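In what follows, a single structure is set out as structure tokens and then discussed.
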Amino acid sequence: MTDKPSRGLADVIAASTALSDIDGKAGRLFYRGYDIHDLAGKISFEECTHLLQRDRLPTRAQLDGLAAELEAGRRLGRLVEGAVDEIAAQQSPMEALRSLVSLASAEDPDKDSNSADANQRKAARLVAQQPILVARYHAARGGARPVEADPGLGIAGNFLLQITGRRPAPREIEIFDECLVLHADHTMNASTFAGRVCAATLSDMHSGVVAALGTLKGSLHGGANEQVMRTLLEILEDRAAVQKDPRVIEDAVGAAVSERLRRGEKLMGFGHRVYKTEDPRATHLRRMAEELANSTGDETYFRMSKRMEEVVFAEKGLYPNVDFYAASVYHYLGIPTDLFTPVFSVSRMAGWTAHIMEQHADNRLIRPDSEYIGERDQKWVPIDEREKE
């Protein structure tokens, strides 16, 4: 008799990686040996991309070189530019990104090679193009074109510029840059695993990323930050009469959350498959949400989030995860709610591509076994005789 298999491959080691590591009991996350608390707010997303894709934090010369690659890689191909308007009219954001990244592969000059050098070039282009694809999609669905990028702003600043249509404040750029770093990689999550499974067949990098995007689209992996924001908005709408008094709002949130928990509803943004204490990324996002609430003069969503956190912990013992405070941070930065998951993909592109490169560098086909639970010893009978049974 064999041991019962782990449902969802929980605690099964599926690959070896030097990219990131988690200590779930202590609530710690590491990128290539660096504690996330030592990186967040100190390195740019471009530096983080270099760390994940190219093994180390860059020197100034190396960072300048990567920045030049990213700037050159931002340009979208003719096929993508020709299709984005129609795709935006017919597909939701994550569906559109899945289509557009796949289409972008057709014109990538390294599309036919999985060599280390070709993969490194493709990885840089994918990181550079993902925020452009999101901005281009967002503009197209509104019948407009995004504002021109500013080469001096970098990935974080240009994304905010092109999504909101206004030049972001320096501190807004710093906060969003930190968000991108916090989301860049997270060991063998569902989308990363999907990307590595695809890459392990020796398929190309774009195929692996499309597999990851398709996996992120699922509501049990991506979309939680969107659902957090929608929950906050629903509670406000249900209790519209009390919106003006923060203390009354907090009481209303507490009552609404308790009511939902009693009905057995799952509140997104709480609990984690790996962390047994607070998600270390949530620590930073809570701080940024509070700072933005204070700077904008609108503390409503932060106060609501804080109260929701208190009630869920008191009644369920669950800590907030990375998605919970990301919702209010993105909202304060002016990012539309249905683009929260695409923002995740902008960040995670650094990790996905690094994992695909790592898989190709030391590859073995990923082919797990399965437990058969169906009928046995069935006997074939001719089709005319089956109606007699």
Exercise. Pick from Met229, Met205: which is touching a His at 6+ places or on another chain (Cβ under 9 Å), farther than 26 Å from Thr300 by Cβ and modelled with pLDDT of 85 or more?
Worked result: Met205
Exercise. Counting only residues that are over 18 Å from the mean Cα position of the chain (by Cα) and assigned to a loop (DSSP other than H, G, I, E, B), how many does the stretch 264-303 have?
Worked result: 10
Exercise. If you take the residues of the stretch 48-63 that are among the polar types (S, T, N, Q) and in contact with a Ser or Thr (Cβ under 9 Å, 6 or more places away or on another chain), which of them is surrounded by the fewest Cβ atoms within 10 Å (Cβ to Cβ)?
Worked result: Gln53
Problem set entry | Long-range neighbours under 7 Å by Cβ, at least six apart or interchain, first residue more than 14 Å from Met229 (Cα to Cα) within the stretch 296-307, second at pLDDT 95 or above and aromatic (Phe, Trp, Tyr) | Thr296/Tyr332
For this session: State which residue is farthest from Met188 (Cα to Cα) when the search covers only the stretch 20-34 and only residues that are part of a strand (DSSP E or B) and touching a helix residue (DSSP H, G or I) at 6+ places or on another chain (Cβ under 8 Å).
Result: Tyr34
Exercise. Say we look at the stretch 336-356 and pick out the residues that are among the aliphatic types (A, V, I, L, M) and buried (at least 24 other Cβ atoms within 10 Å of the Cβ); which of these is farthest from Leu52 (Cα to Cα)?
Worked result: Val343
Exercise. Which members of the stretch 107-143 meet the condition of being in contact with a His (Cβ under 9 Å, 6 or more places away or on another chain) and of a type outside the set (Lys, Arg)?
Worked result: Asp108, Asn114, Ser115, Ala116, Asn119, Leu126
Exercise. Residue check: is Arg230 farther than 14 Å from Ile356 by Cα, among the charged types (D, E, K, R), touching a residue at least 60 places away in the same chain (Cβ under 8 Å) and in a helix (DSSP H, G or I)?
Worked result: yes
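One line per residue, one yes/no per condition, for (1) among the hydroxyl-bearing types (Ser, Thr, Tyr); (2) closer than 25 Å to Ala144 by Cα; (3) at pLDDT 95 or above:
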residue: Thr49; (1), (2), (3): yes, no, yes
residue: Arg56; (1), (2), (3): no, no, yes
residue: Leu66; (1), (2), (3): no, no, yes
residue: Leu79; (1), (2), (3): no, yes, yes
residue: Pro93; (1), (2), (3): no, yes, yes
residue: Arg121; (1), (2), (3): no, no, yes
Problem set entry | Candidate set: the stretch 39-62, residues that are without any contact (Cβ under 8 Å) to a residue 60 or more places away in the chain and outside any helix (DSSP H, G or I); chosen: the one farthest from Arg171 (Cα to Cα) | Asp55
For this session: All but one of (1) part of a helix (DSSP H, G or I); (2) exposed (fewer than 10 other Cβ atoms within 10 Å of the Cβ); (3) not aliphatic (A, V, I, L, M) hold for Arg376, so report the exception by its number.
Result: (1)
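The values are calculated or read from the model by the stated rules, or taken from the named source; none is laboratory data. This structure is a prediction, so every number in the text was calculated from the model and none was measured. Cβ: placed from backbone, ideal geometry, glycine included. Neighbour counts: every protein chain shown.
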